[in-house]
Amino acid sequence: LRCQAAPLPRACHGWQASMKSVSLSYILPSNRLPVQLISQVRVYTSNGQKKDLGSEDTNRSTPEETPHKVGTGQDTTNAGQKQSFVKEPIQVKVKAVLKKREYGPKYTQNNFITGVRAINEFCLKSSDLDQLRKIKRRSPHDDTETFTVYLRSDVEAKSLEVWGSPEALARERKRRKEAEIKYRENLFRNQRLLWEYKEFFGNTKPRSSAAAMFFKGPGKVVMVAICINGLNFFFKLLAWVYTGSASMFSEAIHSLADTCNQALLALGISQSARTPDPSHPYGFTNMRYIASLISGVGIFMMGAGLSWYHGIIGLLHPHPIESLLWAYCILAGSLVSEGATLLVAINEIRRSARAKGLSFYQYVVQSRDPSTNVVLLEDAAAVLSVAVAATCMGLTSLTGNPYYDSVGSLGVGTLLGTVSAFLIYTNTEALLGRSIQPEQLQRLTELLESDPVVRAIHDVKATDMGMSKVRFKAEVDFDGRVVTRSYLEKQDIEQLLQEIQQVKTLEELEAFMLKHGENIIDTLGAEVDRLEKDLKQRNPDVRHVDLEIL
């Protein structure tokens with residue numbers, strides 16, 4: 001048995017009684033095993049003295065030795081075997097480890113807390129925090145590099161000093177919670193009071209960004225469509241009252257549905273401009289998709305449904321149609337106005353698609369701008385439905401058969417149903433959170449993998465949140481050597497070497513490792529922030545990045 005290790009400066013209790021008086025050859029079950037036995041054992045006692053059992057007095061005997069001295073010559077054979085063994089000492093090495101510290105199920109002594117949380121959760125004032133230790137930490141926000149935090153233990157001690165006891169602090173928290181609930185219950189009344197006194201704000205109130213959105217881009221397209229479709233509905237309604245044409249009634253309903261849906265789109269655009277709040281941390285961008293989805297449902301129920309209903313009634317109960325001259329004039333005017341709105345929507349989509357590097361078809365199918373998409377499809381359907389209505393009314397006036405007019409109403413309803421189905425599908429896909437294009441995802445992946453601090457990335461997900469906002473998530477395997485080298489490059493190596501040479505005890509080693517270990521973790525966090533910043537700078541569509549350390 002050969003154990004190569006360094007001897008211990010402490011006793012190995014329990015070996016003296018078993019090995020001092022009994023030869024190892026008697027302990028083994030067979031004397032012919034191909035093992036080099038050891039005839040000299042070093043034993044360390046509690047006082048640090050070393051004893052060599054192989055050099056002990058052979059005349060000394062114990063009760064355990066007596067049975068082996070009396071026998072059939074077995075001692076002579078064993079003695080001969082002992083002479084052939086190589087004398088090697090048994091050396092035992094025990095690894096010195098740091099005692100594990102038990103933190104318990106809840107440990108918050110080293111936690112940091114911001115000033116806002118300290119004031120809100122511990123019922124303190126800002127003047128109370130001035131007396132506490134201030135610690136500068138790396139900021140999680142993009143607009144600031146560092147921010148001030150406090151030790152949670154210091155804040156808890158200060159709160160007990162201010163309020164006197166945990167019971168008094170709990171009563172104050174309860175009182176503030178009740179006041180907050182009462183304020184929320186009276187929120188509507190408070191908003192009415194603010195509305196009544198809004199003249200006192202004057203020019204100090206910031207200008208609403210929602211109003212400015214209706215003078216450019218999709219907001220401008222929607223406002224133009226609302227005005228034109230409103231006028232078209234009014235004149236088509238007059239033409240239907242005068243002629244009684246089923247196709248003209250379908251056109252009037254179509255224009256009314258377009259006007260209502262585009263008003264809903266305007267509401268969605270204004271709501272999407274709201275700033276994020278604690279209840280909606282990612283903002284209200286999806287309000288455009290929600291409004292477009294409701295608009296598609298409205299087109300199907302109000303436009304297609306009523307057109308089908310009126311066309312079926314015309315087929316079941318046909319009646320003669322009066323002069324269609326005014327109807328043709330109104331349809332011609334509607335064709336011009338709807339065509340103008342369609343051109344405005346087409347130009348806006350072309351400009352936006354060119355800016356994103358997409359084709360016109362890709363931009364529409366991917367529903368990059370739901371509001372403009374609705375206007376485009378509604379106006380395209382309006383132009384086609386005007387052509388269908390005019391054709392069927394012309395056949396009715398030439399043949400005198402009112403069934404053609406009813407068939408035209410059914411055709412307009414089918415066209416509106418197709419448009420509404422497309423809008424419902426594209427907006428539902430956008431709300432579900434679909435992945436970005438594979439080419440764009442590949443660019444983001446290559447950017448991360450080309451960085452020296454990254455070994456590999458796994459479980460990559462990139463979701464289109466709508467309106468050209470992408471959320472990127474990945475599990476990142478960081479190279480610890482590169483991170484440590486990045487930390488060492490910012491240190492004074494000579495001073496670091498002196499600190500290492502001054503380490504003599506386990507306590508000094510622990511303090512040294514804890515100090516630089518925490519700094520290396522901070523360096524790793526800085527590397528994560530750098531990677532997130534690079535992703536956002538090189539890909540403006542990426543708004544939210546979640547890199548998880550593997």
Just to be sure, is ASP154 modelled with pLDDT under 70, surrounded by 10 or more Cβ atoms within 10 Å (Cβ to Cβ) and of a type in the set (Asp, Glu)?
no
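Condition first: part of a helix (DSSP H, G or I) and under 29 Å from ASN110 (Cα atoms). Can you find one or more residues in the stretch 437-444 that meet it?
Initial filter on the stretch 437-444 (part of a helix (DSSP H, G or I)): 438-444.
Filter once more, so that each one left must be under 29 Å from ASN110 (Cα atoms): none.
No, because not a single residue in the stretch 437-444 is part of a helix (DSSP H, G or I) and under 29 Å from ASN110 (Cα atoms).
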Tally time: how many residues in the stretch 350-372 are under 20 Å from TYR425 (Cα atoms), part of a helix (DSSP H, G or I) and open to solvent by less than 60 Å² (accessible area, probe 1.4 Å)?
6
May I ask you to verify whether ASN347 is open to solvent by less than 20 Å² (accessible area, probe 1.4 Å) and of a type outside the set (D, E, K, R)?
no
Suppose we filter the stretch 506-543 for residues that are under 17 Å from ARG443 (Cβ atoms) and either of a type in the set (Ser, Thr, Tyr) or in contact with a strand residue (DSSP E or B) (Cβ under 7 Å, 6 or more places away or on another chain) (or both); how many remain?
7
Please determine whether any residue of the stretch 412-429 is acidic (Asp, Glu) and touching a helix residue (DSSP H, G or I) at 6+ places or on another chain (Cβ under 7 Å).
no
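From the set of residues in the stretch 111-150 that are basic (Lys, Arg) and under 22 Å from ARG530 (Cβ atoms), which is farthest from the chain's Cα centre (by Cα)? Full working, then the answer.
Initial filter on the stretch 111-150 (basic (Lys, Arg)): 117, 125, 133-134, 136-138.
Imposing the further condition that a residue be under 22 Å from ARG530 (Cβ atoms) reduces the set to 136-138.
Values: LYS136: 26, ARG137: 23, ARG138: 20 Å.
So the residue we want is LYS136.
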Test ILE113 against the criterion of being modelled with pLDDT of 85 or more, of a type in the set (Val, Ile, Thr) and assigned to a strand (DSSP E or B), and give yes or no.
yes
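Residues THR418, THR428, THR445: which one is β-branched (Val, Ile, Thr) and under 19 Å from the mean Cα position of the chain (by Cα)?
Numbers: THR418 fails: under 19 Å from the mean Cα position of the chain (by Cα); THR428 fails: under 19 Å from the mean Cα position of the chain (by Cα).
The match here is THR445.
Within the stretch 381-413, can you find the residues that are within 11 Å of GLY311 (Cα to Cα) and either open to solvent by 50 Å² or more (accessible area, probe 1.4 Å) or in contact with a strand residue (DSSP E or B) (Cβ under 7 Å, 6 or more places away or on another chain) (or both)? Step through it out loud before you land on a result.
Of all residues in the stretch 381-413, those within 11 Å of GLY311 (Cα to Cα) come to 402-413.
Hits for the stretch 381-413 are TYR403, TYR404, VAL407.
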Restricting the stretch 248-297 to residues that are within 25 Å of the chain's Cα centre (by Cα) and small (Gly, Ala, Ser), the residue that is most open to solvent (accessible area, probe 1.4 Å)
SER279
Out of ASN78, ASN120, sole residue that is modelled with pLDDT of 85 or more and part of a helix (DSSP H, G or I)
ASN120
Would you mind stating whether HIS319 is within 22 Å of VAL419 (Cβ to Cβ), assigned by the TED database to the domain that holds TYR403 and either at pLDDT below 80 or part of a helix (DSSP H, G or I) (or both)?
no
Odd one out for LEU431 among (1) open to solvent by 50 Å² or more (accessible area, probe 1.4 Å); (2) assigned to a loop (DSSP other than H, G, I, E, B); (3) at pLDDT below 90
(2)
Return yes when ARG133 is open to solvent by less than 80 Å² (accessible area, probe 1.4 Å) and outside any helix (DSSP H, G or I) and no when it is not.
no
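Is at least one residue of the stretch 326-334 open to solvent by 10 Å² or more (accessible area, probe 1.4 Å), among the β-branched types (Val, Ile, Thr) and either outside the structural domain of VAL383 (by the TED database) or closer than 14 Å to ILE228 by Cβ (or both)?
Taking the stretch 326-334 first, the residues open to solvent by 10 Å² or more (accessible area, probe 1.4 Å) are 326, 328-330, 332-333.
Among the residues that remain, those that are also among the β-branched types (Val, Ile, Thr) are: 330.
Next cut, either outside the structural domain of VAL383 (by the TED database) or closer than 14 Å to ILE228 by Cβ (or both) only: 330.
Within the stretch 326-334 (the criterion being open to solvent by 10 Å² or more (accessible area, probe 1.4 Å), among the β-branched types (Val, Ile, Thr) and either outside the structural domain of VAL383 (by the TED database) or closer than 14 Å to ILE228 by Cβ (or both)), the answer is yes, since at least one residue qualifies.
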Residue count, the stretch 462-495 (criterion: under 29 Å from ASN286 (Cα atoms) and either among the hydrophobic types (A, V, I, L, M, F, W, C) or in contact with a helix residue (DSSP H, G or I) (Cβ under 9 Å, 6 or more places away or on another chain) (or both))
9
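The values are calculated or read from the model by the stated rules, or taken from the named source; none is laboratory data. This is a predicted model, so every value here is computed, not measured. Cβ coordinates were reconstructed from backbone atoms using ideal geometry, including for glycine residues, and neighbour counts include every protein chain displayed. Side chains included, ligands, DNA and RNA excluded: accessible areas come from the protein's heavy atoms. Shrake-Rupley method; radii C 1.70, N 1.55, O 1.52, S 1.80 Å.
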